[in-house]
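Enquirer: A single structure is presented below for examination.
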2 protein chains.
Amino acid sequence: MVIGGDAGGMAAATQARRRRPDLDIVALERGRWTSYSACGIPYLVAGDVGSFDDLVARTPDQFRQDHRIDVRMGHEATAIDLGAGRVEVRDLARGRTITMGYDHLMIGTGAHPIRPALPGIDADWIRGVQTLDDGCALLAQAKESRCRDVVVVGAGYIGLEMAEAFHRWGANVVLVEGNDVVMGRTLDPDLADQVGDAVRALGVKVRLGELVQGFEEGAVITDAGRIPADLVVLGLGVAPNSALAGEAGLTLGTRGAIEVDHRQRTSAEGVWAAGDCADTYHLVSRRRIHVALGTVANRTARVAGINIGGGYARFPGVVGTAITKVCGTEIARTGLSEQEATTAGFEYVAARIESSARAGYFPGAEPMTVKVLAERGTGRLLGGQIVGGTGAAKRIDTLATALHAEMTMDEIVDLDLSYAPPFSPVWDPVQVAARRATALL
Amino acid sequence: MVIGGDAGGMAAATQARRRRPDLDIVALERGRWTSYSACGIPYLVAGDVGSFDDLVARTPDQFRQDHRIDVRMGHEATAIDLGAGRVEVRDLARGRTITMGYDHLMIGTGAHPIRPALPGIDADWIRGVQTLDDGCALLAQAKESRCRDVVVVGAGYIGLEMAEAFHRWGANVVLVEGNDVVMGRTLDPDLADQVGDAVRALGVKVRLGELVQGFEEGAVITDAGRIPADLVVLGLGVAPNSALAGEAGLTLGTRGAIEVDHRQRTSAEGVWAAGDCADTYHLVSRRRIHVALGTVANRTARVAGINIGGGYARFPGVVGTAITKVCGTEIARTGLSEQEATTAGFEYVAARIESSARAGYFPGAEPMTVKVLAERGTGRLLGGQIVGGTGAAKRIDTLATALHAEMTMDEIVDLDLSYAPPFSPVWDPVQVAARRATALL
């Protein structure tokens, strides 16, 4: 039995099916969609993506026909009896509750946008960005001409992407962030400032260090005043949907996520979890963390599915890689930020360089900033951040791979990376940063 | 004393200077330019790069003023006396020969385009692509309207880049290649065919399996006929400029390149070599090879310079990474091709997949092909090749880094690579290829 029809559950289900043609697989999804790209929603709202059907990787019928998975839409698991191996299921359309047994239970319940308990937050013009239904509603509102004033609360990935999306529809967009910088949980302040400048250059009003206190009809109330708003988009991060698991007695870990081991086993025999509802392991800090990203959901679900299917797979962990863009500015990070490195007990040097994604003399060479953190003593890479123009951000993968391999700055300098004038200076910017770090070490 | 004013010699000289302010450094350059980007010449000829000055990273005066290096232009080393520690130097402008002593000799004499001994090949309308002078001459000819028929001999990187450059000036370009595919030394035939199709789609005539037998006024003679030509560009690869070193008694290795150890020491005490004139080590095949690339020249020269300056540096070797583009088609490779893997004694599985550089539903998602070779038994990555649209090729760096770390397919599948719809599908194409390989293993 699978609870949750998105990546965490369904990627596991298809892996298990591949190895065990004999399994009976039932999947419960309380919503209207299976396996969709939540990461695509900002681009749907922006108008880049033609229709929300494009975001659906596999429909319920595809799961039924191609994978023989009995997908039950509009069915919500309401209780798990770990001792008896049973799940109480609410059929939302028919309004009835049934009980179903399992040998293996795969939990992929995902996460939900954080909605702080502020006055007025439950109004329907205040929306998080998580499900395709959210996306459809936001797109409809973006297209309505009366949607003039949009306030985005929280300047993380989703906040920035949504601010750009509504800005492109011609709305007056105000981005309100309690922190002193945008992307403060992602980038160090020096690089975050560059992103803030890029967002302002778009025409979005950025209000930093300002705390939202509540909502009134047509306005967001902050500690600095009243901001007119026809629509509020919440970009305050997500929290795992782990209440069902917690009530059943499964151990919850970091930030309330379901604790799993490296094979995606929960604390109960025969019960597995993956995706945004589960915790994971950070290979650099060597601590358990909660990450809600499509890549991690797909990779952890694959591991769970292989194990459920009788194979052997282990998820080594993450290094904290993430990427996005705001208009022409690409943004990426991996490993630990300065603050995270300090919290994890590392001493480090930080090297920041300016370079470009093409040879300097090549037309269209846009500037890019690369920053790396290297551990004192060992010279080992601890993290990297990139902000720049076209072609900048995907270079983070080189640093992510180097983190998995625990490479030192010297080893990164020696990497045989690709070079041709349309693609890179002769020393790739990540290597220029590593050279600077070597000098500082 | 440094012989050669380009990357191999001068990057070493500046590194040595940084560590040893007291050194007397003399650098000899027989030509008119120092430290230029030979890789930029095709883009100069194509008109992408405004002037050939743009390709010069540092001028002789910059070396003199910023690094106190006594650069002597138009000076050619004509003999080395290893026993006495002396070099015979020809001052080309004054027509006189002098003798100069050295404590350390740094050889960075580079490479030259291969000119097979065919009838008529010495004509001045038959040009290789190596020095800035070649670039200037080719650009001048590209701009002349009488330069209608251009034949490019050899369909490697330089050949394809030059074919595109002249095509863009409106010339009728014929590409003649003795092999049955374009880029046959770089890519496996299946991916090479995609590149051949892209070149043909440009409007370049591609004649494969055709051997050039000689040149007559206004024509190239092949075993299949006569091809009209106002200009012939040779793209048959390069050979190391190692005659001077060989005559002095230094050991020459692979393909006549100067044999060096991992600190860039030649067979004689106090004599160093780096760049296109020296051999290097392939980390995957574990054999010595000759590679003429700007990246390798800069990295090996840096190592030589640190060592000459009294530091300690070791060059671990290369993994065979290269990248280019032909019009909108990006091409990259790293590690071993199928033929190279077989020659090196590996057994492998080859996995080829089609994906895209963006989420499939994102506008502008162009197709890309990724192929990986994985060693049988261990599952270790042996090599990778990519052909695709914008954003495809630089992903080769992930595979290059994985090769340095000797990663297996399972480890590549687990890499925490960056994902957002404008940058990648949720499984990066290199991971999709690794998953396919895992299944085949």
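The values are calculated or read from the model by the stated rules, or taken from the named source; none is laboratory data. The structure displayed is predicted, hence computed values, not measured ones. A quick note on method: Cβ atoms are made from the backbone with ideal geometry, for glycine too, and the neighbour counts reach across all protein chains shown.
Enquirer: Give me the pairs, please: first residue somewhere in the range B:288-308 and under 22 Å from B:Leu336 (Cβ atoms), second residue anywhere and aromatic (Phe, Trp, Tyr), beta-carbon distance under 6 Å, and either six or more positions apart or on two chains.
Expert: Cβ pairs passing all conditions: B:Arg288/B:Tyr281; B:Thr295/A:Tyr419; B:Thr300/B:Phe315.
Enquirer: Okay, moving on. Kindly indicate whether A:Phe346 is within 14 Å of chain B (Cβ to nearest Cβ), hydrophobic (A, V, I, L, M, F, W, C), surrounded by 19 or more Cβ atoms within 10 Å (Cβ to Cβ) and in a loop (DSSP other than H, G, I, E, B).
Expert: The answer is no for A:Phe346.
Enquirer: Select from the range B:145-156 the residues that are in contact (Cβ under 8 Å) with a residue 24 or more places away in the chain and either part of a strand (DSSP E or B) or surrounded by fewer than 24 Cβ atoms within 10 Å (Cβ to Cβ) (or both) and list them in ascending order.
Expert: Correct list: B:Arg146, B:Cys147, B:Arg148, B:Asp149, B:Val150, B:Val151, B:Val152, B:Val153, B:Gly156.
Enquirer: If you check B:Ala57, B:Ala27, which single one turns out to be in contact (Cβ under 8 Å) with a residue 12 or more places away in the chain, more than 14 Å from chain A (Cβ to nearest Cβ), of a type in the set (Gly, Ala, Ser) and in contact with a strand residue (DSSP E or B) (Cβ under 7 Å, 6 or more places away or on another chain)?
Expert: After applying the criteria, what remains is B:Ala27.
Enquirer: Could you look through the range B:286-306, keep only residues that are among the β-branched types (Val, Ile, Thr) and in a helix (DSSP H, G or I), and pick out the one that is nearest to the other protein chains (Cβ to nearest Cβ)?
Expert: Once the filter is applied, the top-ranked residue is B:Thr295.
Enquirer: On to the next question. From the list A:Ile80, A:Ile107, A:Ile98, exactly one residue is surrounded by 21 or more Cβ atoms within 10 Å (Cβ to Cβ), hydrophobic (A, V, I, L, M, F, W, C) and in contact with a Lys or Arg (Cβ under 9 Å, 6 or more places away or on another chain). Which is it?
Expert: Answer to the check: A:Ile80.
Enquirer: Quick one: A:Leu336 ticks every box in (1) over 18 Å from the mean Cα position of the chain (by Cα); (2) without any contact (Cβ under 8 Å) to a residue 60 or more places away in the chain bar one, so which box is it?
Expert: Every condition holds for A:Leu336 apart from (1).
Enquirer: Name, by its number, the condition in (1) without any contact (Cβ under 8 Å) to a residue 40 or more places away in the chain; (2) farther than 25 Å from B:Gly294 by Cβ; (3) touching a helix residue (DSSP H, G or I) at 6+ places or on another chain (Cβ under 8 Å) that does not hold for B:Val182.
Expert: For B:Val182, the exception is condition (2).
Enquirer: Could you please find all residues in the range B:110-141 being surrounded by fewer than 19 Cβ atoms within 10 Å (Cβ to Cβ), of a type in the set (Val, Ile, Thr) and either in the same structural domain as B:Ala292 (by TED's automatic domain parsing) or within 25 Å of B:Gly294 (Cβ to Cβ) (or both)?
Expert: Once the filter is applied, which keeps residues that are surrounded by fewer than 19 Cβ atoms within 10 Å (Cβ to Cβ), of a type in the set (Val, Ile, Thr) and either in the same structural domain as B:Ala292 (by TED's automatic domain parsing) or within 25 Å of B:Gly294 (Cβ to Cβ) (or both), the range B:110-141 yields only B:Ile114.
Enquirer: So, A:Arg68, is that one more than 22 Å from A:Ser242 (Cβ to Cβ), among the basic types (Lys, Arg), within 14 Å of another protein chain (Cβ to nearest Cβ) and more than 25 Å from the chain's Cα centre (by Cα) or not?
Expert: Taking the combined requirement at face value, the residue does not satisfy it.
Enquirer: Based on what the data block shows, is A:Ala359 among the aliphatic types (A, V, I, L, M), more than 10 Å from chain B (Cβ to nearest Cβ) and closer than 23 Å to B:Gly40 by Cα?
Expert: Against the criterion (among the aliphatic types (A, V, I, L, M), more than 10 Å from chain B (Cβ to nearest Cβ) and closer than 23 Å to B:Gly40 by Cα), A:Ala359 does not qualify.
Enquirer: Give the residue that is nearest to the chain's Cα centre (by Cα), with candidates limited to residues of the range B:47-61 that are within 26 Å of B:Thr97 (Cα to Cα) and either among the β-branched types (Val, Ile, Thr) or surrounded by fewer than 18 Cβ atoms within 10 Å (Cβ to Cβ) (or both). Step through it out loud before you land on a result.
Expert: As a first pass, look at the range B:47-61 and keep what is within 26 Å of B:Thr97 (Cα to Cα): B:59-61.
If we keep only those that are either among the β-branched types (Val, Ile, Thr) or surrounded by fewer than 18 Cβ atoms within 10 Å (Cβ to Cβ) (or both) too, we end up with B:59, B:61.
Working: B:Thr59: 22, B:Asp61: 27 Å.
Of everything passing the filter in the range B:47-61, B:Thr59 is nearest to the chain's Cα centre (by Cα).
Enquirer: Continuing with this model, one more query. Scan the range B:212-220 and give yes if some residue there is surrounded by 16 or more Cβ atoms within 10 Å (Cβ to Cβ), farther than 23 Å from A:Pro422 by Cβ and of a type in the set (Val, Ile, Thr), otherwise no.
Expert: Yes, there is a match, as at least one residue in the range B:212-220 is surrounded by 16 or more Cβ atoms within 10 Å (Cβ to Cβ), farther than 23 Å from A:Pro422 by Cβ and of a type in the set (Val, Ile, Thr).
Enquirer: Could you tell me whether any residue of the range B:256-268 is modelled with pLDDT of 95 or more, more than 24 Å from the chain's Cα centre (by Cα) and not assigned by TED's automatic domain parsing to the domain that holds B:Arg148?
Expert: So far as the range B:256-268 goes, yes, one or more of its residues are modelled with pLDDT of 95 or more, more than 24 Å from the chain's Cα centre (by Cα) and not assigned by TED's automatic domain parsing to the domain that holds B:Arg148.
Enquirer: Output yes when any residue across the range B:375-385 is in contact (Cβ under 8 Å) with a residue 60 or more places away in the chain, under 22 Å from A:Arg358 (Cα atoms), buried (at least 24 other Cβ atoms within 10 Å of the Cβ) and of a type in the set (A, V, I, L, M, F, W, C), and no when none is.
Expert: Among the residues of the range B:375-385, not one is in contact (Cβ under 8 Å) with a residue 60 or more places away in the chain, under 22 Å from A:Arg358 (Cα atoms), buried (at least 24 other Cβ atoms within 10 Å of the Cβ) and of a type in the set (A, V, I, L, M, F, W, C), which makes the answer no.
Enquirer: Just to be sure, is A:Gly170 in the same structural domain as A:Pro119 (by TED's automatic domain parsing), surrounded by fewer than 22 Cβ atoms within 10 Å (Cβ to Cβ) and free of Cβ contacts under 8 Å to residues at least 12 places away in the same chain?
Expert: Working: in the same structural domain as A:Pro119 (by TED's automatic domain parsing): yes; surrounded by fewer than 22 Cβ atoms within 10 Å (Cβ to Cβ): yes; free of Cβ contacts under 8 Å to residues at least 12 places away in the same chain: yes.
For A:Gly170, the condition - in the same structural domain as A:Pro119 (by TED's automatic domain parsing), surrounded by fewer than 22 Cβ atoms within 10 Å (Cβ to Cβ) and free of Cβ contacts under 8 Å to residues at least 12 places away in the same chain - is met.
Enquirer: Given the conditions (1) outside any loop (DSSP other than H, G, I, E, B); (2) within 14 Å of chain A (Cβ to nearest Cβ), which single one is not true for B:Gln339?
Expert: Unmet for B:Gln339, out of (1) outside any loop (DSSP other than H, G, I, E, B); (2) within 14 Å of chain A (Cβ to nearest Cβ): (2).
Enquirer: When you look at A:Ile80, is it more than 24 Å from A:Arg18 (Cβ to Cβ), part of a strand (DSSP E or B) and free of Cβ contacts under 8 Å to residues at least 12 places away in the same chain, yes or no?
Expert: no
Enquirer: Any chance you could count how many residues in the range A:72-92 are among the basic types (Lys, Arg) and either over 17 Å from A:Met106 (Cβ atoms) or touching a Phe, Trp or Tyr at 6+ places or on another chain (Cβ under 9 Å) (or both)?
Expert: Qualifying residue count for the region: 2.
Enquirer: Output the residues belonging to the range A:168-179 that are at pLDDT below 95 and touching a helix residue (DSSP H, G or I) at 6+ places or on another chain (Cβ under 8 Å).
Expert: Residues satisfying the conditions are A:Arg168, A:Trp169, A:Ala171.
Enquirer: So, in the range A:412-427, of the ones that are within 22 Å of B:Met407 (Cβ to Cβ) and facing chain B (nearest Cβ under 7 Å), which residue ends up surrounded by the fewest Cβ atoms within 10 Å (Cβ to Cβ)?
Expert: Only one residue tops the list, namely A:Asp414.
Enquirer: I've got another one for you. Would you mind stating whether A:Gly311 is in a loop (DSSP other than H, G, I, E, B), in contact (Cβ under 8 Å) with a residue 12 or more places away in the chain, over 21 Å from A:Ser35 (Cα atoms) and within 18 Å of the chain's Cα centre (by Cα)? It would help to see each step written out before you state the result.
Expert: Details: in a loop (DSSP other than H, G, I, E, B): yes; in contact (Cβ under 8 Å) with a residue 12 or more places away in the chain: yes; over 21 Å from A:Ser35 (Cα atoms): yes; within 18 Å of the chain's Cα centre (by Cα): no.
No: the conditions fail for A:Gly311.
Enquirer: Among the residues of the range B:386-407 satisfying the criterion of being charged (D, E, K, R) and in contact with a helix residue (DSSP H, G or I) (Cβ under 6 Å, 6 or more places away or on another chain), which is nearest to the other protein chains (Cβ to nearest Cβ)?
Expert: That would be B:Asp397.
Enquirer: Next question. Could you check the range A:362-385 and list, in sequence order, the residues that are away from chain B (no Cβ under 13 Å), in a strand (DSSP E or B) and over 23 Å from A:Leu283 (Cα atoms)?
Expert: Answer for the range A:362-385, where residues must be away from chain B (no Cβ under 13 Å), in a strand (DSSP E or B) and over 23 Å from A:Leu283 (Cα atoms): A:Pro367, A:Thr369.
Enquirer: Being in contact with a Lys or Arg (Cβ under 9 Å, 6 or more places away or on another chain) and not hydroxyl-bearing (Ser, Thr, Tyr) is the filter; apply it to the range A:307-316 and report the residue that is nearest to the other protein chains (Cβ to nearest Cβ).
Expert: Here is the first cut: in the range A:307-316, the residues in contact with a Lys or Arg (Cβ under 9 Å, 6 or more places away or on another chain) are A:307-315.
Checking which are not hydroxyl-bearing (Ser, Thr, Tyr) leaves us with A:307-311, A:313-315.
Details: A:Asn307: 14, A:Ile308: 18, A:Gly309: 14, A:Gly310: 16, A:Gly311: 11, A:Ala313: 8, A:Arg314: 9, A:Phe315: 7 Å.
This residue is A:Phe315.
Enquirer: Would you be able to say whether some residue in the range A:417-435 is of a type in the set (Lys, Arg) and more than 24 Å from the chain's Cα centre (by Cα)?
Expert: Residues of the range A:417-435 of a type in the set (Lys, Arg): A:435.
Within this subset, residues satisfying the condition of being more than 24 Å from the chain's Cα centre (by Cα) are A:435.
There is at least one residue in the range A:417-435 that is of a type in the set (Lys, Arg) and more than 24 Å from the chain's Cα centre (by Cα).
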